[in-house]
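Read the structure below first, then the notes.
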Amino acid sequence: MSHATVKDTRTDAPAPRRKNTLSRRGLPRWAQPAFAIVSVALGCGIGMAAGWESRVQWGLISALLFVAISYTTTSAVENRRQARDRLATSVVWVCFVLAVVPLLSLIWVTVSRGMKALDGYFLTHSMAGVPGFEPGGGVYHALIGTLEQVGLATLISVPIGLLTAVYLVEYGKGNLARAVTFFVDVMTGIPSIVAGLFILSIMLLAGWSPSGFMGSLALTILMIPVVVRSTEEMLKLVPNELREASLALGVPKWRTITKVVIPTAVGGISTGVMLAVARIAGETAPIMLLVFGSQLINTNPFEGAQSSLPFYIWEQYRVGSEASYDRAWAAALVLIAFVMILNLVARGIARWKAPKTGR
């Protein structure tokens with residue numbers, strides 16, 4: 001009886017309360033924006049007090065203060081573990097801002113200065129008969145040259161890069177595949193001036209004259225490794241089960257590649273091709289060596305000198321007048337818009353051809 005009483009007494013006694021580690025003090029959600037505002041205010045104040053004219057210095061001081069204030073306040077209010085987590089988060093945000101701010105600044109300056117000369121007349125006329133230091137003229141001849149040169153480079157490099165990637169993924173084994181992979185990696189880092197000099201040496205030995213096609217050959221050298229590497233990675237993402245199922249039905253391997261593997265990866269392949277086109281669209285050195293530039297409209301890329309948007313920008317900036325600067329910024333805006341359109345097209349194709357889920 002006494003044993004039962006003791007047992008009931010122990011059962012009815014309240015259990016000792018444990019310290020809830022999850023109910024500690026925490027910073028509100030608006031703490032990080034508040035830290036950022038205080039850091040920017042302090043950074044600007046320190047910069048003005050020190051007499052620094054560079055806004056970059058103000059921004060760096062603000063970034064350091066943001067990281068320091070976030071860590072110190074979190075350590076005092078919460079705990080050291082949360083402070084270290086907040087420190088890592090703050091560093092990530094600072095790096096993100098440091099990467100985005102120059103990009104936004106570049107776009108803002110290009111748009112604000114490029115809109116001064118960008119209009120319908122600028123896009124539909126060339127520089128024929130217009131002195132470089134006077135207003136007027138347009139970018140039509142350079143736009144035609146860029147479209148033809150990049151188009152020819154794409155027509156040459158895409159089949160070569162696609163077939164090379166198919167060989168490396170589907171057939172490549174042994175020393176030959178390793179050698180091809182090695183040279184593709186090396187070609188990825190080749191400077192554009194080296195590709196231009198290589199085609200220039202061939203052009204001089206063969207006795208050919210400068211033309212848009214010569215520039216396209218140099219751009220092809222720069223584009224092929226990008227296409228090969230991007231296509232190779234996309235083909236590797238295709239599940240092997242699809243290949244095995246096709247082969248189990250008696251379908252030849254070449255037909256499996258053309259009807260199963262490539263259609264499955266066509267979205268990523270298209271994206272890689274578009275990005276490679278955007279990469280070569282801004283090259284200037286091969287055009288300077290092989291195309292020579294021209295003030296006239298030349299729609300034949302196989303004969304005579306041509307211009308391009310990067311060459312036109314360099315040419316106008318070299319003149320040094322206010323009108324030429326406006327034309328250079330307007331051409332830079334056209335080039336950025338061209339690359340942006342290619343990236344949007346690549347994203348659209350990738351989303352359109354992406355495998356459907358949820359079925």
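In table form, for the structure just shown:
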read-out: Test: residue in segment 111-123 that is out of contact with any strand residue (DSSP E or B) (no Cβ under 8 Å at 6 or more places or on another chain), outside the structural domain of Gln295 (by TED's automatic domain parsing) and over 13 Å from Ala330 (Cα atoms); value: no
read-out: Unmet criterion (only one of (1) exposed (fewer than 15 other Cβ atoms within 10 Å of the Cβ); (2) within 25 Å of Met340 (Cβ to Cβ)) for Leu247; value: (2)
read-out: Filter result (part of a helix (DSSP H, G or I) and surrounded by 19 or more Cβ atoms within 10 Å (Cβ to Cβ)) within segment 110-137; value: Gly114, Phe122
read-out: Counted residues, segment 147-198 - those being over 25 Å from the mean Cα position of the chain (by Cα) and free of Cβ contacts under 8 Å to residues at least 12 places away in the same chain; value: 9
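For every residue, the table says whether it meets (1) surrounded by fewer than 22 Cβ atoms within 10 Å (Cβ to Cβ); (2) in contact with a helix residue (DSSP H, G or I) (Cβ under 9 Å, 6 or more places away or on another chain).
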position	(1), (2)
Val139	no, yes
Gln149	no, yes
Ala153	no, yes
Pro159	yes, no
Thr181	yes, yes
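The values are calculated or read from the model by the stated rules, or taken from the named source; none is laboratory data. Predicted model only: the values in this text are computed from it and were never measured. Methodologically, a virtual Cβ is constructed for each residue, glycine included, from the backbone with ideal geometry; neighbour enumeration extends over all protein chains shown.
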